[in-house]
Amino acid sequence: MEKTTIVVHSGDLDKVLSALIIGNGFLAMGDEVTLYFTFWGLQRLMKGKLSKAPLSKMNFFGLGAWMMKRKMKKAGVATPERLMADFKALGGRIIACEMTMEVMGISREKLDANLIDEFGTVGMYVDESKKSQRTLFI
Amino acid sequence: MVESILPNIIVDVLGETCPIPLVEMRKAVMKAQEGQIIEVKGDHGPSKLEIPLAVKSLGLKLLHVREDGDGVWHIFIEK
């Protein structure tokens, strides 16, 4: 079985959405997939914060993100919550970066334990990545 | 001949957009037993193209793709 590893460095709504869509795509087409959340990406693993995120461009203090969510709903695009549930249902793995948790001031208690399969550091990412045919950085 | 394909599992993704039809197809494949037939029914145009790609990638058999006049497509897959 082939394998894909994606580093989710950004916590922006559009980028996390991209990571989840691509992750689900690879799972649906037969890969094993690991998402490695680090830096701002970690904020999206905090309890109830998956879609409480700014846009990478034209956020306008949250107005842009609000408009994007409205447009996505109108277009019938799946929410980050649904995509995350699908990702887990298809066997996707999530690793939270332990080192950057400290840097970002995020304790384990603040993170949604249901989402995270493992806590790791760069060595775990490298190990996963070396076993992968593809690795992406988002 | 085509009319005689009787699916064991029907996946209704009408109104859903990328990547949900692909994801729901995969869930159905995971549930299905060897030899069972899955029908995926949807209306998101690009998904009609990507599901056969996934079928190939997963090593499954694409039995038939049918499109109705109203943009609704049916994809028959054998596990």
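Sort out which residues of region B:50-63 are away from chain A (no Cβ under 13 Å) and either more than 9 Å from residue B:77 (Cβ to Cβ) or hydrophobic (A, V, I, L, M, F, W, C) (or both), and write them in order of number. Break it down stepwise before answering.
As a first pass, look at region B:50-63 and keep what is away from chain A (no Cβ under 13 Å): B:61-63.
If the condition is that a residue be away from chain A (no Cβ under 13 Å) and either more than 9 Å from residue B:77 (Cβ to Cβ) or hydrophobic (A, V, I, L, M, F, W, C) (or both), then B:62, B:63 are the ones that fit.
Tell me the residue from A:30, A:25, A:48, A:76 that is within 14 Å of another protein chain (Cβ to nearest Cβ), of a type outside the set (Lys, Arg), over 12 Å from the mean Cα position of the chain (by Cα) and more than 27 Å from residue A:132 (Cα to Cα), please. Spell out the reasoning first.
On the way: A:30 fails: more than 27 Å from residue A:132 (Cα to Cα); A:25 fails: more than 27 Å from residue A:132 (Cα to Cα); A:48 fails: within 14 Å of another protein chain (Cβ to nearest Cβ).
After applying the criteria, what remains is A:76.
Hey, among A:15, A:3, which residue is within 13 Å of the chain's Cα centre (by Cα) and at pLDDT 95 or above? Walk me through how you get there before you give the answer.
Working: A:3 fails: within 13 Å of the chain's Cα centre (by Cα).
Exactly one of A:15, A:3 is within 13 Å of the chain's Cα centre (by Cα) and at pLDDT 95 or above, namely A:15.
Going through region A:7-22 one residue at a time, which ones are within 14 Å of chain B (Cβ to nearest Cβ) and open to solvent by less than 40 Å² (accessible area, probe 1.4 Å)? Even if it seems obvious, please write down each step before you answer.
We begin by selecting, within region A:7-22, every residue within 14 Å of chain B (Cβ to nearest Cβ); these are A:17-22.
Once the filter is applied, which keeps residues that are within 14 Å of chain B (Cβ to nearest Cβ) and open to solvent by less than 40 Å² (accessible area, probe 1.4 Å), region A:7-22 yields A:17, A:19, A:20.
Looking at region B:65-79, can you tell me whether even one residue there is open to solvent by 40 Å² or more (accessible area, probe 1.4 Å) and within 14 Å of chain A (Cβ to nearest Cβ)? Break it down into steps so the answer makes sense when it comes.
As a first pass, look at region B:65-79 and keep what is open to solvent by 40 Å² or more (accessible area, probe 1.4 Å): B:65-70, B:78-79.
The next check asks that each one be within 14 Å of chain A (Cβ to nearest Cβ); those that pass are B:79.
Yes, because at least one residue in region B:65-79 is open to solvent by 40 Å² or more (accessible area, probe 1.4 Å) and within 14 Å of chain A (Cβ to nearest Cβ).
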Entirely in region A:24-138, the helices (runs of 4 or more DSSP H) that have 2 or more residues that are β-branched (Val, Ile, Thr): A:98-104, A:122-130
Residue check for residue B:53: in contact with an Asp or Glu (Cβ under 7 Å, 6 or more places away or on another chain) and within 22 Å of residue A:2 (Cα to Cα): no
Region A:109-138, residues that are closer than 18 Å to residue A:43 by Cβ and without any contact (Cβ under 8 Å) to a residue 40 or more places away in the chain: A:109, A:113, A:114, A:119
Candidates A:100, A:121, A:135 - the one that is modelled with pLDDT of 95 or more and farther than 14 Å from residue A:17 by Cβ: A:135
Residues of region B:30-50 that turn out to be open to solvent by 40 Å² or more (accessible area, probe 1.4 Å) and assigned to a strand (DSSP E or B), as a count: 1
Close pairs from region A:28-39: first under 12 Å from residue A:90 (Cα atoms), partner of a type in the set (Phe, Trp, Tyr), Cβ under 9 Å, at least 6 apart: A:32/A:26; A:33/A:26; A:33/A:87; A:34/A:125
Subset of region A:23-39 (residues that are open to solvent by 50 Å² or more (accessible area, probe 1.4 Å) and of a type in the set (A, V, I, L, M)): A:29
Candidate set from region A:40-77 (those that are under 30 Å from residue B:42 (Cβ atoms) and of a type in the set (D, E, K, R)); member that is most open to solvent (accessible area, probe 1.4 Å): A:74
Failed condition for residue A:93, given (1) away from chain B (no Cβ under 14 Å); (2) open to solvent by 30 Å² or more (accessible area, probe 1.4 Å); (3) out of contact with any Leu (no Cβ under 8 Å at 6 or more places or on another chain); (4) at pLDDT 95 or above: (3)
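For the subset of region B:16-41 comprising residues that are free of Cβ contacts under 8 Å to residues at least 40 places away in the same chain and in contact with a Ser or Thr (Cβ under 9 Å, 6 or more places away or on another chain), which member is farthest from the other protein chains (Cβ to nearest Cβ)? Give the derivation first.
Within region B:16-41, the subset free of Cβ contacts under 8 Å to residues at least 40 places away in the same chain is B:16-24, B:26-28, B:30-31, B:39-41.
Still in the list and also in contact with a Ser or Thr (Cβ under 9 Å, 6 or more places away or on another chain): B:16-22, B:40.
Working: B:16: 7, B:17: 5, B:18: 7, B:19: 5, B:20: 5, B:21: 9, B:22: 4, B:40: 12 Å.
Filtering first and then ranking leaves B:40.
The values are calculated or read from the model by the stated rules, or taken from the named source; none is laboratory data. Predicted, not measured: the structure shown is a model, and the values here were computed from it. With ideal geometry, Cβ positions are generated from the backbone for all residues, glycine too; neighbour counts draw on all protein chains shown. Heavy atoms of the whole protein, side chains included, go into the accessibility calculation; ligands, DNA and RNA do not. Shrake-Rupley method; radii C 1.70, N 1.55, O 1.52, S 1.80 Å.
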